[in-house]
1. For B:PRO210, which of the numbered conditions (1) of a type outside the set (D, E, K, R); (2) open to solvent by 10 Å² or more (accessible area, probe 1.4 Å); (3) within 24 Å of B:GLY106 (Cβ to Cβ); (4) out of contact with any Pro (no Cβ under 6 Å at 6 or more places or on another chain) fails to hold?
2. Take the stretch A:394-411 and flag every residue that is within 23 Å of B:PRO320 (Cα to Cα) and buried (at least 17 other Cβ atoms within 10 Å of the Cβ).
3. All but one of (1) of a type outside the set (S, T, N, Q); (2) touching a helix residue (DSSP H, G or I) at 6+ places or on another chain (Cβ under 8 Å); (3) closer than 19 Å to B:GLU130 by Cβ hold for B:ASP261, so report the exception by its number.
4. Keeping to the stretch B:27-61, report how many residues are of a type in the set (Lys, Arg) and either open to solvent by less than 20 Å² (accessible area, probe 1.4 Å) or within 20 Å of B:MET1 (Cβ to Cβ) (or both).
5. Just the residues that are surrounded by fewer than 24 Cβ atoms within 10 Å (Cβ to Cβ), within 14 Å of chain A (Cβ to nearest Cβ) and polar (S, T, N, Q), please, taken from the stretch B:94-150.
6. Check the stretch B:167-184 and report whether any residue there is within 14 Å of chain A (Cβ to nearest Cβ), open to solvent by 50 Å² or more (accessible area, probe 1.4 Å) and out of contact with any helix residue (DSSP H, G or I) (no Cβ under 8 Å at 6 or more places or on another chain).
7. Looking only at the stretch B:344-363, filter to residues that are more than 8 Å from chain A (Cβ to nearest Cβ) and not aliphatic (A, V, I, L, M); which one of those is least open to solvent (accessible area, probe 1.4 Å)?
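The values are calculated or read from the model by the stated rules, or taken from the named source; none is laboratory data. Nothing here was measured: the structure is a model prediction, and the numbers come from that model. Glycine gets a Cβ as well: all are built from the backbone with ideal geometry, and neighbour counts include every protein chain shown. Heavy atoms of the whole protein, side chains included, go into the accessibility calculation; ligands, DNA and RNA do not. Shrake-Rupley method; radii C 1.70, N 1.55, O 1.52, S 1.80 Å.
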Amino acid sequence: MYSCVTGGTVTGIDGAVVNVEADVSDGLPMFVMVGYLSSSVREAGERVRTALKNSGYHMPPKRVTINISPANIRKDGTGFDLPIAVAILLCMGITPHINMDRLMIAGEMGLDGIIKPVPGILSMIHGGKLQGCDTCIVPYENVNEASLVKDMRVIGVKSLAQAVKYIQGTENIQPVFFDENKFRKETVYSGQLDFADVKGQEVLKRGMEIAVSGFHNVLMRGAAGAGKSMIAKRLPTIMPSLTFGESVELTKIYSISGMTGDSDVLVTKRPFRSPHHTITAKGLTGGGMYPKPGEVSLAHKGILFLDELPEFNKNVIEVLRQPMEDRRVLISRVNAAYVFPSDFMLVAAMNPCPCGFYPDRRCTCTEIMRKKYQAKISGPLMDRIDICIDVKAVEYENLFHDRQEECSEKIRERVERARAMQAKRYEAEGILFNSQLEGAMVRKYISLGEQEEALIKKHFIERGMSARGLNRILKLSRTIADSFGSTKIKREHIMEALFFKNAGMQDMGVAASD
Amino acid sequence: MTEQENVILRLWLTGIQGIGIKTQKKLLSFFDDASGVYDASYNELARVVSSEKAEKIAANKSLTVAEELYERYAERNIKIIYPGHEYYPEKLLHIYDYPELLFVKGNPECIKMAGIAVVGSRNPTVYGSETAAYFASCLAGEDICTISGLARGIDSAAHKGAIDGGGKTVAVLGCGINVTYPAENAELYAEIEKNGAIVSEYGFDVKPLPGQFPMRNRIISGISDGVLVVEARKKSGSLITADYALEQGRQVYALPGRIFDLCAEGTNNLIKQGAMCVTNPSDIIFDMYGREEENNIFENEEINLTEEEKNIYSHIGLEPVFIDEIIAKSECEIVKTISILYWLLDKGFIKQPADGYYIRKIC
């Protein structure tokens, strides 16, 4: 007897539908599984056999063949236990042969037949939806996540027996549907952190506001304890809340990585990822034999904060270039290419010199040491960083003054306004931010008045700027104008852009401040 | 004897192992010149120097190495001067153990010019660097050459100041003539070659060994008319230059500093010991060259500033101040402050010693 049920697997962050075929026929008693399976899928055979027995179904001593197709996709994960069990039961005639075409099944089983949650369920069910499925049987714990897919009847089951009863029609399980209201109320960022916690540091705050407004990558340079990490952690609070679409995309990534929370499945907070500088290249971009998303993807639509940037392995930093450019990571394997989105904003922090005191007189570094330290960050990476802010530790009196600092919400309002201007302007280009302008788009969308043109030209000639540097200044000026709600780029906007430009430290000796 | 022969013979003499500058001097004065040494027999040589050294000289009569060296120096436009050479400065001959050979890159005439040595700490304050540059550029305006040692800090600032002031500057190296030390001064090295001269008593590829630097200081003071010490700690190398200057009978000038400032301890001590206290470049110009120069260092540049600009400018002093402090004190908006700072920088009222930091420009 032959039967076929629909299951799912994950490649990259997208789900793919697979057919789990079973055949039970006469012959020597055997349990064979084929179909380009990873070892975790192969082990499903043992689990299924035992679980069937312990759930009260007798497996006849026959030749059982399982094939999971299409055979060209490598199957990985533990979500195949339940579909295999169901397929065998169908063959054995224990459950009636109902139309299984539009039913998708996923779940891991214990030896006792209890269904356990699986990672990546959102991607699988989403993939099933695209292939025309309208009902899915998933582990009970995954119901919330699966119900993020619109127009899908989600059936949560706790055991194999329950699943079988549902298919037989002897037990009715209430399906769960997508309900936007269930998620929506949590999408506003509410956290303990606020920009008002940061005392002083006006320039740093301003720079960050501009960066977030135009999604520009930022480098902070300053002594230890100046507040670089503090402000970085608060960046998500001035970013607009995630849209539902962004949330779902992020949830997929987090689900595959097994990082979704138990209660609120949907990722509603802008990610803030801060990997340690000992991270490997694969840890950053994602990888492995069965590629999993790396930190750049976990920071998708949010902040990737690299503290102590020069301490990172040089190769590790270099791999950032492609994800930053393409806003996605492509990992090629023999059998498939995996794509993970990585549209993150890079926020990096570094000391100005190895001892961390420059330009203070306490600095004991020579100029060569300082240059070597700064040269650890390659030019191509620096080219992708639009804003460079120097940070100085706040003076004691400013640390404890009682002036009210601006709160995140107010800043966020301005950021949202600036972002709205950009989104409207670039409607036709399919981009959202000034920082994403490329090549000819820069000149198309950024025009300068006569005075402004003269200012840039003067700077270009006197300071020996490169064409790429010029484009960066233009894009940054545009963002600054947007942050003031101005349609025209004024001279002061350009001056501010030049101030925040990404320049090397000037070589004018060591500044004094004893 | 032609100049070329003389140089080759001197290179030959320097190239013999174990013959130091003192032995050379003895030989050269006894035999009148280098050819005399070359032609001298072992017996003649042994009357002046130890038999060991005389043997070495007598055994080493091949000139091929020296000739090759001469070609290499000529190829690289390095001139070699010696006492009696047209470019060898007269005043250098008056010092004890004057160099028998000097390698020169650039314009050798600068070495004979009226010149003041400007020296100081390798780890100066911004104020110190700025002042050194200011003095050098003022001297440049009077056609006075600035002599220094191409070291970090004050030395570099002085060289740069002289070049920016359109004048000449001479760098005396403590390492081989073709060695740039410290390496970060490579660009400055090239600039000095164009706007003055680079001098060293060490030939090709001699490494910057610590013992050579105090020795080169005697040349710095030796080719100058006076030595200005800008900023020096208690035990600073620039004080060695000042000592040489006194030995050689050169005037020593020192910039006064605050008494609690560690960077001024050395200069203040010099003043106590009798060095001339200098508060204006015209002090030196008058004292050394008798030219009276009106130079108001308190020029008020604020005349053409608007109220807002004055406000910002008033919070910038000679100590570097961070932009956040300027904003906090002036209570001016960030974007406004940035554009005013940009304007002040552009007009040359202020300078940026490091990104985000500002100081008042002296000159």
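1. With (1) of a type outside the set (D, E, K, R); (2) open to solvent by 10 Å² or more (accessible area, probe 1.4 Å); (3) within 24 Å of B:GLY106 (Cβ to Cβ); (4) out of contact with any Pro (no Cβ under 6 Å at 6 or more places or on another chain) applied to B:PRO210, the lone miss is (3).
2. Passing the criteria: only A:VAL394.
3. (2)
4. 1
5. Answer for the stretch B:94-150, where residues must be surrounded by fewer than 24 Cβ atoms within 10 Å (Cβ to Cβ), within 14 Å of chain A (Cβ to nearest Cβ) and polar (S, T, N, Q): just B:ASN123.
6. Checked against the condition, which is being within 14 Å of chain A (Cβ to nearest Cβ), open to solvent by 50 Å² or more (accessible area, probe 1.4 Å) and out of contact with any helix residue (DSSP H, G or I) (no Cβ under 8 Å at 6 or more places or on another chain), the stretch B:167-184 yields at least one hit.
7. Filtering first and then ranking leaves B:TYR358.
Each row is one residue, and each column tells you yes or no for (1) on the phi < 0 side of the Ramachandran plot; (2) part of a strand (DSSP E or B); (3) more than 14 Å from every other protein chain (Cβ to nearest Cβ).
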| site | (1), (2), (3) |
| --- | --- |
| B:VAL252 | yes, yes, yes |
| B:LEU270 | yes, no, yes |
| B:ASN311 | yes, no, yes |
| B:GLY317 | yes, no, no |
| B:ILE326 | yes, no, no |
| B:TYR342 | yes, no, no |
